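Take a look at the structure set out below.
Every number here is computed from the coordinates shown, using simple stated rules; none is lab data. Quick caveat: nothing in here was measured; it's all calculated off a predicted structure. Don't worry about glycine lacking a Cβ; one is built from the backbone with ideal geometry, like all the others, and counts go over all protein chains shown.
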Amino acid sequence: MFGEKSASSKVDNAKEALSDCHKPYIESPSFEAKTSSYLIFRYGEPNLLFFCIVSAGVGIALFIIGSELQSRITFFLGIPFLLLAAIFYQARDYYLSRICKKCGREFAYVQTRKPVVYDDWSQTIKITSYYRCRYCGHKYMETKSAISAYVP
Ligand SMILES: [Zn+2]
């Protein structure tokens, strides 16, 4: 029957989420997750760090050379390299944040509820994410600081 298998696995996922917490939150596969797994499986984590540093270096060098030579083309050529550096950085960051702290498996953590954003009206906000390992069930909470757009 069409969709029978996916429907039953959906039910299993929902049951799993319900048993874990009162408000199930199932994260949809994001662009970040897809790029991260693609880049990690293709190049590996140490290479991503290397690519990130190299792209950032080339981008900054092009900015400096462009402004020294008053060459707008050279200057703007630096932008794609900085964007690449940001993508590599994000992909590596995502990968590292999803390694289970208990069983060590990769891309193991799934979010169990929506991240909580704490804004204390300063320039930084704190985002707390709640994860659970899909293999061993280890629960993990991570708080990150981010720069807020709000300027006092
Ligand atoms: Zn685990």
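Brief remarks follow.
- Simple label model, 7 Å out from Cα along Cβ direction - D120 to F31, nm: 3.2
- Calculated FRET efficiency for the pair F107/F50, C-beta based, R₀ 30 Å, to 0.05: 0.90
- D_trans [Stokes-Einstein, Kirkwood Rh over alpha-carbon pairs] for the range 109-152, 37 °C, 0.692 mPa s, µm² s⁻¹: 287
- With N the number of residues in the range 37-146, Rg(Cα) / (2.2 N^0.38 Å) evaluates to 1.39.
- Binned Cα-Cα distance frequencies in the range 29-97 - 5 Å width, integer %: 4, 20, 23, 18, 13, 10, 8, 4, 0
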